[in-house]
Amino acid sequence: MIGDILGTFGRRVLSASEETGQFALLLRSTLGWMVGARIEWRQTMIQVVRIGIESSPVTSMTAFFTGMVLALQTGASSKHFFNEPLFVGTVVSFALVMELAPVMTAIVVAGRAGAAIAAEIGTMKVTEQIDALYTLGTDPVRYLVIPRFIAFMIVLPLLTVISDFTGIAGGYLVAHAKYGIPATVFWHDIVNNMEVRHFIHGFLKTFVFAAIVSMVSCFKGVTTRGGAEGVGKATTSAVVISMVLVLVLDYFATAVLNAFGIT
Amino acid sequence: MIDAESVVKSFGPRTILRGVDLRVETGETLAIIGGSGCGKSTFLKCVIGLHRPDSGTILVDGVDVTRLKTEADIADYRRRFGYLFQEGALFDSMTVWENITFGLRYLTDIPSGKYRRIASECLALVGLKDIEDFKPAELSGGMKKRVALARAIAAQPSYILYDEPTTGLDPIMSDVISDLILDLQQQLKITAIVVTHDMKSAYKVASRMAMFHEGTVRQVAHPDIIRISTDPYVRQFVDGLSQGPIKMKLKEFEAEGSSLAHGKN
């Protein structure tokens, strides 16, 4: 009984270690190819358009409603404590620009584009299309992984900036409609308190999130085993791991940025 | 010439190839026959460098694929091969002509302006036309196989490796594919290895045949010799009989399964 439990635990540890090692090798290979080889720019642009167009309506809508609910809660709380809705623009903009827009955009993109990438590459793996790439003289890391990695690095920061603006717009809508806050007051709340470094704080995090979501999605795709069931498992796994890692790394990225005074 | 010596390949605890010795002469078509899981496709993937053998050597025109270290060396080695995958492995997102010419960009210096014409020529060689702009999803199983064959020959390889080229096709289409393999061998003088279960196709296309069993080569001979082989394993396989030494493995498995079920282990 104890032997079985230890055996199962040991196998899981070994499997997790092996997977971590494979992930590190894929990351090394990706960075190695980017430094030393010709980049597939056509494929990269296709991915930029695909990820951007697929994800922008969802990320914008998510940010818009997040901004709305932030304004609603902030207004309600400050009315409760101060009898008037103070600093709604400040709270909405700080929360969105530094935290919520980067994190929520990364999570939505992981669920939308990350899942699509894992499913596409996973299907290619189980139907031998990855092997076909090798036999036709190219490396799947170069042809599949690097274009998606670069595309994420371009698209995620852009989507996050769009989310910043749509979220603030959503916040203003509620601040004005619900609490009667004029546009000038809402705007002054933002510009009087926010500095460029606050924007940079959130913006830099998006590169960490882009790297993790793209690499996890591609890794789960290229390591898919079995048939349709394997593709389903890889896709689910890619999304879950990406989302968890985004939240975990958000903490560490924030700590590092704070340590460097970018806060 | 392809010359494999003592090739061993394992995946985890499972040893698939247990010391394969096999030679394929230039210009010949060698058909590898054998039951499922006997290591035929694994051997093919070792030859093209998709799998690295645990031990042994595979010399192709004097180059030992097992000793190639860098990606560039392996990519250069693969230039001499065309590979037909079991299910075709066409790229879903590309059209037929993009599939056929995909490898030209990486394997040759041919200018991209000529790709479309080359695709049409390759399609003509496999008996197809006017489907250049179709997507793989719009093709039948037989057409997919022929497009995959056109892709395999587009870069004018010296060797073609066919992984079960007639599997999943109706008998007439299987015969069409066998004819194509023969035609290509005669027209392009390509050296080929054909992995197949289809004895009719194997007899038709092969200059020689090799019977694999449990990761070893059981017999290599001319098709006429294989046809009258006295080796019980070869005999059973070519006659397609359920009774014989190959069946014994299944019985052993059943016996093992039944003892496990009764907790005897």
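FYI, it's all coordinate maths here, none of it is from the lab. Everything numeric in this text was worked out from a predicted model, so none of it was measured. Don't worry about glycine lacking a Cβ; one is built from the backbone with ideal geometry, like all the others, and counts go over all protein chains shown.
The tail of the calculated P(r) for the stretch A:119-263 beyond 24 Å holds 50 percent of all Cα-Cα pairs.
Annotation for B:Arg79 and B:Glu28: the two label points, set 7 Å from Cα along the Cα-Cβ direction, are 2.8 nm apart.
Quick one: net charge around A:Ile168, please, counting Lys, Arg +1 and Asp, Glu -1 for every other residue with C-beta under 15 Å from its C-beta. Write out the running numbers ahead of the final one.
Values: positive: none; negative: A:Glu99, A:Asp164, A:Asp189.
Around A:Ile168, the surrounding residues sum to -3.
Test of understanding: extend the Cα→C-beta vector of A:Leu158 to 7 Å, then name every residue of the stretch A:191-226 with backbone N under 20 Å from that spot. It comes to A:200, A:202-215, nothing else.
For B:Thr15, what charge total do you get from the other residues with a beta carbon under 14 Å from its beta carbon, if Lys and Arg give +1 and Asp and Glu give -1? Don't skip to the answer; put the middle values down first.
Numbers: positive: B:Lys9, B:Arg14, B:Arg18; negative: B:Asp54, B:Glu214.
Summing Lys and Arg as +1 and Asp and Glu as -1 gives +1.
Largest first, the extents of the alpha carbon coordinates of the stretch A:1-157 on the three principal axes equal 70, 56, 28 Å. For the pairs A:Lys125/A:Lys205; B:Lys9/B:Lys69; B:Lys9/B:Lys145; B:Lys9/B:Lys200, flag any whose C-alpha to C-alpha distance is greater than 21 Å. With Cα atoms farther than 21 Å apart: A:Lys125/A:Lys205; B:Lys9/B:Lys145; B:Lys9/B:Lys200.
As an exercise, take the mean of 1/r over every pair of distinct alpha carbons in chain B, invert it, and state the Kirkwood radius in angstroms. Can you show the working numbers first?
On the way: mean 1/r = 0.0510 Å⁻¹.
Result for chain B stands at 19.6 Å.
Using a Förster radius of 35 Å, what is the FRET efficiency between A:Trp187 and A:Phe252 based on their Cβ-Cβ separation? Nearest 0.05, please. Here the calculated transfer efficiency is 0.55. Counts of other chain beta carbons within 10 angstrom of each beta carbon in peptide A:135-146 average 5. Each label point was placed 7 Å from the Cα along the Cα-to-Cβ direction; for A:Ala177 and B:Thr216 their separation is 7.9 nm. When the alpha carbon coordinates of the protein assembly as shown are projected onto the principal axes, the ranges are 100, 67, 40 Å, largest first. For the pair A:Val240 and B:Asp170, label points projected 7 Å from Cα toward Cβ lie 4.5 nm apart.
Summing +1 for each Lys or Arg and -1 for each Asp or Glu among the other residues whose beta-carbon sits under 12 angstrom from that of B:Arg116 gives -2. I'd like the FRET efficiency for A:His198 and B:Asp92, computed as 1/(1 + (r/R0)^6) with the beta carbon distance as r and R0 of 56 Å, rounded to 0.05. According to the calculation, E is roughly 0.80. Computed from the Cα positions only, the extents of the stretch B:94-156 along the three principal axes stand at 32, 18, 17 Å, in decreasing order. Averaging over all projection directions, the Cα-based convex hull of the stretch A:221-263 occupies 3.6 nm² in the image plane.
With a 10 Å cut-off around each Cβ of B:80-93, the average count of Cβ atoms from other chains is 4. Phi angles of the stretch B:204-209 translate, via the Karplus equation with coefficients 6.51, -1.76, 1.60 and θ = phi - 60°, into HN-Hα couplings of 6, 9, 7, 7, 9, 10 Hz per residue; Gly and Pro are given as x. Put simply, the convex hull of the Cα atoms in the stretch B:71-217 casts, on average, a shadow of 9.6 nm².
To one decimal place, what Kirkwood hydrodynamic radius in Å is obtained for chain A from all pairs of distinct Cα atoms? It would help to have the intermediate numbers written out before the result.
On the way: mean 1/r = 0.0497 Å⁻¹.
That comes to 20.1 Å for chain A.
Within chain B, the selection of entire DSSP H helices by a Cα span of 20 Å or greater along the long axis and an average Kyte-Doolittle value of at least 0.0 returns B:171-188. Taking the inverse of the mean reciprocal distance over all distinct Cα pairs, the Kirkwood hydrodynamic radius of the stretch B:143-255 comes to 15.5 Å.
Ordering A:Ser242, A:Ser56 from the fewest to the most neighbouring beta carbons within 10 Å gives A:Ser56, A:Ser242.
Remark on the stretch B:136-189: Rg and Dmax equal 11.2, 32 Å (Cα only). When the alpha carbon gyration tensor of the stretch B:1-103 is reduced to an equivalent ellipsoid, its three semi-axes come out at 24, 17, 15 angstrom, largest first.
Helical runs (DSSP H, four residues minimum) scored at -39500 (n - 2.57) apiece and divided by the length of chain B put the mean residue ellipticity at 222 nm at -11500 deg cm²/dmol.
Once whole DSSP H runs in chain A are found, which of them have Cα atoms spread over 27 Å or more along the helix axis and a mean Kyte-Doolittle score of at least 1.0? TM-like helix candidates: A:146-179, A:196-222, A:228-259.
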